[in-house]
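What follows is a single structure, written as structure tokens, with notes after it.
The values are calculated or read from the model by the stated rules, or taken from the named source; none is laboratory data. Fair warning: this is a prediction, and the values are worked out from it, not measured in the lab. Neighbour counts run over all protein chains shown; Cβ positions are idealised from the backbone, glycine included.
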Amino acid sequence: MRVNVSSHDLKVSDHAHHFHPFTDHGALGVDERRVISRADGVWLWDTDGNRIMDGMAGLWCVNVGHGRNEIVEAVRAQMSELAYYNTFFKTSHPPVIELSEKIAEIAPDHMNMVVYGSSGSDANDTVFRMVRTYWDVMGKPEKKVIISRKNAYHGSTVAGASLGGMGGMHGQGGLPVPGIHHIDQPYWFGEGMKTGMSEEEFGIWAARELDRAIEEMGEDKIAAFIAEPIQGAGGVIVPPASYWPEVKKILEARDILFVSDEVICGFGRTGEWFGADYYGTKPDFMPIAKGLTSGYLPLGGVIISDRVKEVFHRSEAGEFYHGYTYSGHPAACAAALANLEIMKRENLVGRVKNDIGPFMQKLWAELGEHDLVGEARMVGLVGALELVPQKSDLSRRFDNVGRVGTIARDHSFKNGLVMRAVRDSLIISPPLVMSEEEASEMAATAKKTLDDTW
Ligand code: PLP
């Protein structure tokens, strides 16, 4: 690594050679970028000498906080023992075996097997192929359609972006691929309020969109329904309380698979190990990534239910022609094992449920009183503030292209707190280890940000 390079020179080089994800490159000037060079706990430092709170846990992933040397040591030890070997062709290795066992322990009782990749996106590619192959093996090859939701995010590979419901992403590269049907989302503040229904009625209506789609296309054509327990990248959309119980009823009555995308909600974010635990759903597939290693190394995968496992173990299933060179990478598995060990020892899931979660939710609700905020919502430690031009008339909204959200997000950065803007809302998803003092500082900085934006 180069040393003694000025912050400006780093930015010039970044501008010249680094193509960033999800970035309007033409609009990103050299000096607008931030170069993050160090982190500890909930704190980040940039190369301009600023200390900033990481309100997004990196990208919804650094659940155990930054700078945990225990994970670094576990990875170092694993790398000197066995830095890489594959899990193809009848081979395995100790860390992937131990990790699979540990994941089975924390997953819902009926889910006991894991297939690995390196990210949430490739986990959803695996899901895409597995749900269809499942029905092929079951002798129902016509069951191919996967129902998803508008404004869902399931990654940015071809299958991930197709499963997702982001219009902008579909517009690039001719997506979605055929066989994916997007239904309405349970977004009360954005969609439900203007319908004249109560929140409860709207939740049931949105759930029944699933049933209507199944009826319309025919149950014999539908392979699966995929959904995030709480839509994360779509804007931390917490569904009305009536939504998941109604979806559950529909799924119980229908012969289709259910995929709970746990890439954000998994590993304690909601105050349970998985979002499916929080909402009491019974998935067949749970794509995981992010909090699995707290982002220390890339690792993703899909936890599968016993009924899916049984079908893939049948002799007629034969070989499933799928896998990645880095499926179950030993060093990444070692990082995940150390991460899970920390989560258990420090009772982070319980902490989010009973201590720091409720503490932060109270502060967040207080921000909801601000004149610029139309709704403040938070489950566990993931939340959003919907910004509005006139609190007394919630039918009035900003233009929804995200201009005000972006301004607020930039103020937040300047004030020393990373929040994310989704349209005209501000999003937060901090490390689960944050102290009460840090939570208070985070809320105070968010309040200053709202004042500056107002
Ligand atoms: N699924 C969900 C719910 C996500 O939020 C994300 C990323 O934010 C993904 C999948 C894709 O994960 P990755 O960015 O690791 O490919």
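Could you please let me know if G295 is on the phi > 0 side of the Ramachandran plot and of a type in the set (G, A, S)?
yes
Can you tell me which of (1) within 30 Å of L432 (Cβ to Cβ); (2) charged (D, E, K, R); (3) not assigned by TED's automatic domain parsing to the domain that holds D410 is the one D46 doesn't meet?
Only one criterion is unmet by D46, namely (3).
Show the residue pairs that are 6+ apart or on different chains and have beta-carbon atoms under 6 Å apart, the first residue being within the stretch 315-330 and surrounded by 10 or more Cβ atoms within 10 Å (Cβ to Cβ), the second being outside any loop (DSSP other than H, G, I, E, B) and basic (K, R).
Filtered contacts from the stretch 315-330: H322/R129.
Looking at (1) crowded, with 19+ Cβ neighbours inside 10 Å; (2) aliphatic (A, V, I, L, M); (3) out of contact with any Asp or Glu (no Cβ under 9 Å at 6 or more places or on another chain); (4) not assigned by TED's automatic domain parsing to the domain that holds L292, which is the one condition that is false for A365?
Exception for A365: condition (1).
Looking at the stretch 232-257, which of its residues are within 15 Å of the ligand (Cβ to nearest atom) and in contact with a Phe, Trp or Tyr (Cβ under 7 Å, 6 or more places away or on another chain)?
Those that are within 15 Å of the ligand (Cβ to nearest atom) and in contact with a Phe, Trp or Tyr (Cβ under 7 Å, 6 or more places away or on another chain): G232, A233, G234, I237.
Name, by its number, the condition in (1) surrounded by 18 or more Cβ atoms within 10 Å (Cβ to Cβ); (2) more than 29 Å from Q361 (Cβ to Cβ); (3) within 16 Å of the ligand (Cβ to nearest atom) that does not hold for P229.
(2)
Is at least one residue of the stretch 62-84 within 16 Å of the ligand (Cβ to nearest atom) and in contact with a Pro (Cβ under 7 Å, 6 or more places away or on another chain)?
Yes, there is a match, as at least one residue in the stretch 62-84 is within 16 Å of the ligand (Cβ to nearest atom) and in contact with a Pro (Cβ under 7 Å, 6 or more places away or on another chain).
Is it the case that M169 is within 16 Å of the ligand (Cβ to nearest atom), within 21 Å of the chain's Cα centre (by Cα), over 30 Å from T23 (Cα atoms) and not in a loop (DSSP other than H, G, I, E, B)?
no
Tell me yes or no: at least one residue of the stretch 41-64 is more than 30 Å from A338 (Cβ to Cβ), assigned to a loop (DSSP other than H, G, I, E, B) and out of contact with any helix residue (DSSP H, G or I) (no Cβ under 9 Å at 6 or more places or on another chain).
Within the stretch 41-64, none of the residues are more than 30 Å from A338 (Cβ to Cβ), assigned to a loop (DSSP other than H, G, I, E, B) and out of contact with any helix residue (DSSP H, G or I) (no Cβ under 9 Å at 6 or more places or on another chain).
Being closer than 17 Å to R420 by Cβ and of a type in the set (G, A, S) is the filter here, so list the residues in the stretch 356-410 that pass it.
If the condition is that a residue be closer than 17 Å to R420 by Cβ and of a type in the set (G, A, S), then A376, G380, G383, A384, G402, G405, A408 are the ones that fit.
How many of the residues in the stretch 232-273 are surrounded by fewer than 21 Cβ atoms within 10 Å (Cβ to Cβ), assigned to a loop (DSSP other than H, G, I, E, B) and small (G, A, S)?
2
From F413, F398, grab the single residue that is touching a strand residue (DSSP E or B) at 6+ places or on another chain (Cβ under 9 Å) and assigned to a loop (DSSP other than H, G, I, E, B).
Unique residue meeting the criteria: F398.
Out of everything in the stretch 274-299 that is buried (at least 23 other Cβ atoms within 10 Å of the Cβ) and in a loop (DSSP other than H, G, I, E, B), what residue ends up being farthest from the ligand (Cβ to nearest atom)?
Only one residue tops the list, namely D284.
Residues E70, E81, E32: which one is among the acidic types (D, E), modelled with pLDDT under 95 and either closer than 26 Å to V418 by Cα or in the same structural domain as G323 (by TED's automatic domain parsing) (or both)?
From the options E70, E81, E32, the qualifying one is E32.
Taking the stretch 172-183 as the search range and keeping residues that are touching a helix residue (DSSP H, G or I) at 6+ places or on another chain (Cβ under 7 Å) and touching a residue at least 24 places away in the same chain (Cβ under 8 Å), which one is farthest from the ligand (Cβ to nearest atom)?
Looking at the filtered set, the residue picked out is H181.
Please verify whether K194 is part of a helix (DSSP H, G or I), of a type outside the set (S, T, N, Q), away from the ligand (no atom under 16 Å from the Cβ) and under 27 Å from G374 (Cα atoms), treating the condition exactly as stated.
So K194 passes the test.
Is one or more of the residues making up the stretch 157-164 part of a loop (DSSP other than H, G, I, E, B) and within 16 Å of the ligand (Cβ to nearest atom)?
yes
Please go through the stretch 133-154 and give me each residue that is free of Cβ contacts under 8 Å to residues at least 60 places away in the same chain and within 16 Å of the ligand (Cβ to nearest atom), ordered by number.
K150
Quick one: in the stretch 217-226, which of the residues that are within 16 Å of the ligand (Cβ to nearest atom) and not aromatic (F, W, Y) is surrounded by the fewest Cβ atoms within 10 Å (Cβ to Cβ)?
In this case the residue turns out to be A224.
Filter the stretch 300-326 for residues that are within 25 Å of the chain's Cα centre (by Cα), of a type outside the set (G, A, S) and in a loop (DSSP other than H, G, I, E, B) and give the result.
The answer is H322, Y324, T325, Y326.
Please work out which residue is nearest to Y153 (Cα to Cα), limiting yourself to the stretch 300-330 and to residues that are among the β-branched types (V, I, T) and within 16 Å of the ligand (Cβ to nearest atom).
Result: V302.
Run down A365, A338 and say which single residue is under 30 Å from V75 (Cβ atoms), modelled with pLDDT of 95 or more and outside any strand (DSSP E or B).
Going through A365, A338 in turn, just one is under 30 Å from V75 (Cβ atoms), modelled with pLDDT of 95 or more and outside any strand (DSSP E or B): A338.
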